[in-house]
Amino acid sequence: MLELRHLKTLVALRETGSLVEAAERVHLTQSALSHQLKDLESRLGGELFIRKSRPLRFTAAGKRLLALADDVLVRLDEAERDIHKLLHGEAGRLNMAIECHSCFNWLMPTVEVYRNQWPAIELDFSSGFTFEPLPALIQGDIDLVVTADPQLIRGVEYVPLFAYEMQFAMAKNHPLAECPYLEAEDLVDQTLITYPVERGRLDVFKQFLEPAGVEPAAIRTTELTMMMVQLVASGRGVTALPNWVLAEYVDQSLLTVRSAGVRGVWPILYAAVREAQLDAPYMQDFLKLARDHCLHHLKGVRRVSG
């Protein structure tokens with residue numbers, strides 16, 4: 001019985017206060033508008049507004065339909081905007097997984113800014129430490145993986161975010177603090193404190209110790225960066241973390257840091273994305289926002305071309 005055109009007509013009538021202006025608003029002649037309203041009132045069995053009233057007054061039935069119109073038409077507009085965004089790349093889903101414990105420090109501020117700019121995007125993220133995120137990316141369960149360990153997988157593109165230096169941190173009075181930089185052999189009698197993840201995901205093993213065939217005297221793990229810092233500051237061992245993570249604690253004079261080797265170790269952090277999704281405007285904007293945020297706010301990182 002009711003149609004959207006009826007609701008739009010009643011709203012136009014309320015906003016203009018006259019049949020003539022309402023007819024112009026909904027692109028009808030005054031005669032056609034009057035016929036539409038009389039037909040609707042005939043179907044409902046009663047009047048919806050008081051004719052020849054100044055200002056125009058609606059009956060109880062008319063007010064009820066206006067309340068319905070205010071609800072339905074707003075939802076219709078929202079749905080039309082969302083559909084337009086979906087069809088034109090302005091909306092979608094962005095589920096992320098992170099293979100980097102320390103990345104939560106910069107990811108959360110980036111997500112908050114992005115959420116305000118792209119409110120129609122469905123955002124979610126999880127740690128990539130309890131499952132294999134790259135296979136989940138291929139399967140479509142997640143849409144972006146923050147990783148420093150790119151693997152050649154068909155259909156996946158790796159977008160560089162920034163390069164960072166892996167640095168060793170130790171107590172200020174630690175004997176290794178006397179060295180200008182550390183060699184792999186310097187760790188043969190040391191306790192290495194790491195996150196509780198596979199060695200293959202840790203820069204200190206895959207880019208420093210394993211190529212040299214060196215094994216530390218002991219390995220201790222903790223999930224919290226702050227706990228790691230406290231253990232190192234109290235002389236319980238050494239750790240290897242990104243320079244931008246350690247910068248805060250160096251500024252507080254809690255730790256001493258040294259490079260890994262004379263040239264240092266500079267891994268690159270990537271965003272892994274499915275090729276089919278890479279060019280979506282909302283994906284490109286997130287990648288740009290993340291890269292710009294990190295380059296402006298993370299101490300010691302470098303821009304990477306590509």
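Determine the distance separating the Cα centre of region 152-168 from the Cα centre of region 28-104; give it in Å without decimals.
So the two Cα centres are separated by 47 Å.
Just to check, using Stokes-Einstein with a Kirkwood Rh over alpha carbon pairs, what's the diffusion coefficient of the chain at 20 °C and 1.002 mPa s in µm²/s?
Rounded to a whole number, D works out at 89 µm²/s.
What does the charge count around P175 come to, taking other residues whose C-beta lies under 15 Å from its C-beta (Lys +1, Arg +1, Asp -1, Glu -1)? Please report the intermediate quantities before stating the final value.
Numbers: positive: K172, R236, R258; negative: E178, E183, E185, D186, D189.
For residues surrounding P175, the net value is -2.
Every cysteine in the chain with no other Cys Cβ under 4.7 Å from its Cβ, please list them in numeric order.
C179, C294
Report, in degrees rounded to the nearest 10, the 0 to 90 angle that the Cα long axis of helix 104-117 makes with the longest principal axis of the chain.
Its long axis makes an angle of about 20 degrees.
Give the carbon-plus-sulfur fraction of the accessible surface of region 232-306 in %, rounded to a whole number; probe 1.4 Å, heavy atoms of protein chains only.
Of the solvent-accessible surface of region 232-306, carbon and sulfur hold 47 percent.
What accessible area per residue, rounded to a whole number of Å², is obtained for region 194-306 using a probe radius of 1.4 Å?
Working: 5620 Å² over 113 residues.
The answer is 50 Å² per residue.
Please return the longest range in the chain lying between exposed loop sites, taking GluC sites (Glu not before Pro), DSSP loop only, at most 12 other beta-carbon atoms within 10 Å, and leaving the sites out.
4-197
Looking at V159, L94, N173, which one has the Cα that reaches farthest to the positive end of the dipole of the chain (charges on Cβ: Lys, Arg +1; Asp, Glu -1)?
Value: L94.
Show log10 I(q)/I(0) for region 181-306 at q = 0.09, 0.11, 0.12, 0.17 Å⁻¹, two decimals, from a solvent-free Debye sum over equal Cα scatterers.
For the requested q values the scattering log ratios are -0.32, -0.48, -0.56, -0.99.
Angle between the Cα long axis of helix 4-16 and the longest principal axis of the chain, 0 to 90 degrees, nearest 10?
Roughly 80 degrees between the two axes.
Near F162, within a Cβ-to-Cβ distance under 13 Å, what is the net charge of the other residues, with Lys and Arg +1 and Asp and Glu -1?
Net charge in that neighbourhood comes out at +3.
So which of K38/K63; K8/K63; K172/K206 end up more than 22 Å apart by C-alpha?
K172/K206
How tilted is helix 30-44 with respect to the longest principal axis of the chain? Cα atoms for both, answer in degrees (0 to 90, nearest 10).
90
Once you've got the GNM for the chain with C-alpha springs shorter than 10 Å, pick whichever of A272, A120, A32 has the biggest mean-square fluctuation.
A32
What is the calculated FRET efficiency for E178 to L152, with r their C-beta to C-beta distance and R₀ = 41 Å, to the nearest 0.05?
Once the sixth-power term is evaluated, E becomes 0.45.
The values are calculated or read from the model by the stated rules, or taken from the named source; none is laboratory data. All values derive from a computational prediction rather than experimental measurement. Cβ coordinates were reconstructed from backbone atoms using ideal geometry, including for glycine residues, and neighbour counts include every protein chain displayed. Heavy atoms of the whole protein, side chains included, go into the accessibility calculation; ligands, DNA and RNA do not. Shrake-Rupley method; radii C 1.70, N 1.55, O 1.52, S 1.80 Å.
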